[in-house]
Structure formats: structure tokens, C-alpha cells
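Working notes, structure below.
The values are calculated or read from the model by the stated rules, or taken from the named source; none is laboratory data. The structure displayed is predicted, hence computed values, not measured ones. Note: ideal-geometry Cβ built from the backbone for every residue, glycine included; neighbour counts use all protein chains shown.
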Amino acid sequence: MTKSQDTSSLQAFTPEEMQSLLERFFHPDTKPELLRVPGRIEERADGVVGRLPYEDLDTTIILKFWVRPGIKGKLKWGLGKSSAQTEYKALEHLYNHGMRVPQPLGLCRVPACGRPYTESMFMSDLGKTVRGPDYLEDLLKKGETEKADLFLEQMIQITEELLDAKVIDTDHGINNTVVTMEEEPIRIDFEVARIVNDPYQEHQQLAKMIGRYIITYAFVIQPDMEAIIAYAEKLYDRLKIDKKVRGLIRQYTDAAYDLQRTSRGIDYTLELPV
């Protein structure tokens, strides 16, 4: 396995550079590596992520695409409220805050050559990575409990960093985390992240953020409910989660387990402390 590549020399692209890179990405002779293709490839769905060589610095960059056609998509872009703009704003904020996230390199509308995609974000390449849930599950299967405990501690630190940066992300979790070849977890995907004045005053959203994180962990290690409860208590203590928010988290996790029971037939019960 190779180490993550050095991207320290990368600078944000100019609008002209972004357009040129997009034209190359979509050129018939270019065969970019697709890293994530939701749904069927022929649908060219929202959320496609690709890797493109960047010869100027002998490195590669990552492009993420959105499909937001029509007047509604243009209006949201014009108001600065599209999913792409929300993610780029959060990513730029967290990167400048010193958090280990992909380096934001640019955001633009996609030219006609890239239709039906309408928006594209450019980021530094983290290199070869493993999805957070797969990484944790593999460690547990191998009995590497010390590495698993370290990963879970690092995830708490990431959660602390997000809140210290005044970011609420209701899609926070192990599923939106990748692990580099240096075994460093890094959060990705910030489409619903918001920068707020005080995350601890956003009771409902904070509860959803922490509840979502606990569920993404729980679904990896269930049916070990005692471990899930112990980890939740540690999380509450570290993050100083008050009783009101704990109650809201319990409502969120209860609903998630009800859905798991009815939709997948998996009958577990998680009773988090409040």
C-alpha cells in the first residue's frame, strides 16, 4: 500500500483553470477513475466522485459532481444555497480552522460538455482510503481491539473539532469517514453541514448530529449493546451533552431502531441513558 500523496503545493484553482480541467475530465479520450457512482452509471446520478491526474504538480485531484437542473437549481446557486455551495463553505471553514479534511480547491458551474451535471467541487486527493465502517468492522473481526479503540477515540476527537469549529452536521458519522493508508480517519461529505453561532444552543440539530453518529457506530457493532451504551456515555461526557439533548438523542436512536426492526427485520433494542 502506498502512502497518501503530498498535496502541500496545491493552490485554489482559478475559474479558467476549473473550466479547463472539466473540459479535460469530460473529453472522450480522458478516462478518469470513478471513485463513487450512486445508482446506475448510465443515470449519471448526483454525487459522482472522480479522480483526475493533475500533471502540473505530478499529482491527482478529486472532483465531485451534482445534478441540479432547471430554474430551481439555478436559483439555489444564485442564492448561494445549493448543496455544492453548502459543502464547499463547510469544507473551506473546517480546512481553515485546521481540521484534517480534503483541501478545497474550487467550486464552479459545469460547462455544457459535462451535462447533465451542473455543479462541481475540486478537492485534494487523500489517496487510497478505506470506508470507516469497513475499517472498524475489519479490526473487530481480526480482534485488533486496541486499534479499534484508537479509531473510536479519534472519532470523538473529530466530533469535538466539528463542534469547536461551530459546525453542526446532521449527517456526521463513521459512514462519512474514510481512513488513509496512515490509518488516520478523515471526515468527508459536508452537504448538510451548517456553521452556527453556538452548536450547543441548536438542541434538535445537535441531538440529530450525535444521534446519527451513535447509530452509524451501533450498526457496525450490534448486537453488543453494552459496548454501544458505554461508548455513548463516554461521548456524552467528553462533549458535555446535557440531559435535554440526551433525551432528544434517545428519541432519534429509538426511531432508528424502530425503522431497522420494521424495514430489515432486525429486532434489537438500544436503550441509551438520558
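Assorted remarks:
- For the residues Met181, Met155, the requirement of being over 24 Å from Arg261 (Cα atoms) and at pLDDT below 95 singles out Met181.
- Within the stretch 25-45, considering residues that are surrounded by 14 or more Cβ atoms within 10 Å (Cβ to Cβ) and modelled with pLDDT of 80 or more, the one nearest to Leu107 (Cα to Cα): Phe25
- Filter result for Asp134 (under 30 Å from Ile221 (Cα atoms), free of Cβ contacts under 8 Å to residues at least 24 places away in the same chain and under 17 Å from the mean Cα position of the chain (by Cα)): yes
- If you go through the stretch 46-88 and pick out every residue that is basic (Lys, Arg) and surrounded by fewer than 15 Cβ atoms within 10 Å (Cβ to Cβ), you end up with 3.
- Residue satisfying condition, being assigned to a helix (DSSP H, G or I) and at pLDDT 95 or above, within set Arg261, Arg238: Arg238
- Within the stretch 86-125, considering residues that are of a type in the set (Lys, Arg) and under 17 Å from Pro69 (Cβ atoms), the one nearest to the chain's Cα centre (by Cα): Arg109
- Applying a threshold of 6 Å to beta carbon distances and a minimum spacing of six or more residues, or different chains, the list of pairs starting in the stretch 246-274 at a residue that is within 17 Å of Tyr217 (Cβ to Cβ) and not assigned by TED's automatic domain parsing to the domain that holds Glu202 and ending at one that is assigned to a helix (DSSP H, G or I) and among the aromatic types (Phe, Trp, Tyr) reads Leu270/Tyr257.
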